[in-house]
Amino acid sequence: MSIVVSPLSLAPRLAKLHKVSHVVSLLDPDTPFPVVREVGDRHLRMEIHDIETPVDGLDICCSDRMKMILDFVGGWQRSAPILIHCYAGLSRSTATAYITACAHNPGADEEEIALALREASAHASPNRHLVALADAVLGRDGRMVRAIERIGRGASWYDVGENAPFTLASRFGA
């Protein structure tokens, strides 16, 4: 099954359309989370700002929160799609989609997954801090970080507003 990535504005509609089994919402603490009744308690709501370095007064993802994300996506059985969204569908969600694909494919090449992410979305600009945290927890020795650096930055929120929804495969390698 696939990983569906979207902005907040389309998340409930896409969850229903794709008949997802799990939802990951990554939003600023002041942004209301969408209600996705179809998934019940299989909805991870993570309050983190889209920042890559600590800023006073803002919530940055930490190792404990990354472990929560990895535990949640690790529980996804891939019998139905998973939906991952943030506010614009550009940074936190694309990083988490990449992280999810890497977590479910421990033997796959990180660069292959990163290139598939770039092919699926020209505007994807994965949050490097989230990727670095996951790289450390998953024991990837910097390979995830280097793969994301290789594909480069996508668009900024200021340039495109919202990213177009896209899907990423959940299975890679042999």
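The values are calculated or read from the model by the stated rules, or taken from the named source; none is laboratory data. Because the structure is predicted, anything quoted here is derived from the model rather than measured. As a convention, Cβ positions derive from the backbone with ideal geometry for all residues, glycine included, and neighbour counts pool all protein chains shown.
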Next on the checklist: Condition (residue is part of a strand (DSSP E or B) and either out of contact with any Leu (no Cβ under 6 Å at 6 or more places or on another chain) or surrounded by 14 or more Cβ atoms within 10 Å (Cβ to Cβ) (or both)) applied to region 52-66: is it met by at least one residue?
Outcome noted: no
Checklist outcome for this item: In the set Leu44, Leu70, Leu14, the lone residue that is touching a strand residue (DSSP E or B) at 6+ places or on another chain (Cβ under 9 Å), of a type outside the set (Val, Ile, Thr), assigned to a helix (DSSP H, G or I) and farther than 19 Å from Ser125 by Cα is Leu14
Item to check | First in region 122-137 and within 14 Å of Glu52 (Cβ to Cβ), second anywhere and of a type in the set (Gly, Ala, Ser) and in a loop (DSSP other than H, G, I, E, B), Cβ under 6 Å, 6 or more apart | outcome: Ser125/Ser91; Ser125/Gly154; Asn127/Ser91
Item to check | Residue match in region 121-137 (condition: under 19 Å from His43 (Cα atoms), modelled with pLDDT of 95 or more and assigned to a loop (DSSP other than H, G, I, E, B)) | outcome: no
Item to check | Condition met for Leu117 (surrounded by 24 or more Cβ atoms within 10 Å (Cβ to Cβ), touching a Phe, Trp or Tyr at 6+ places or on another chain (Cβ under 6 Å), within 26 Å of Val20 (Cα to Cα) and not small (Gly, Ala, Ser)) | outcome: yes
Checklist entry - surrounded by fewer than 18 Cβ atoms within 10 Å (Cβ to Cβ) and either aromatic (Phe, Trp, Tyr) or farther than 17 Å from Val24 by Cβ (or both): does that describe Ala80? => result no
Checklist entry - Pick from Ser9, Ser25, Ser79: which is assigned to a helix (DSSP H, G or I), modelled with pLDDT of 95 or more, over 21 Å from Arg143 (Cβ atoms) and not charged (D, E, K, R)? => result Ser9
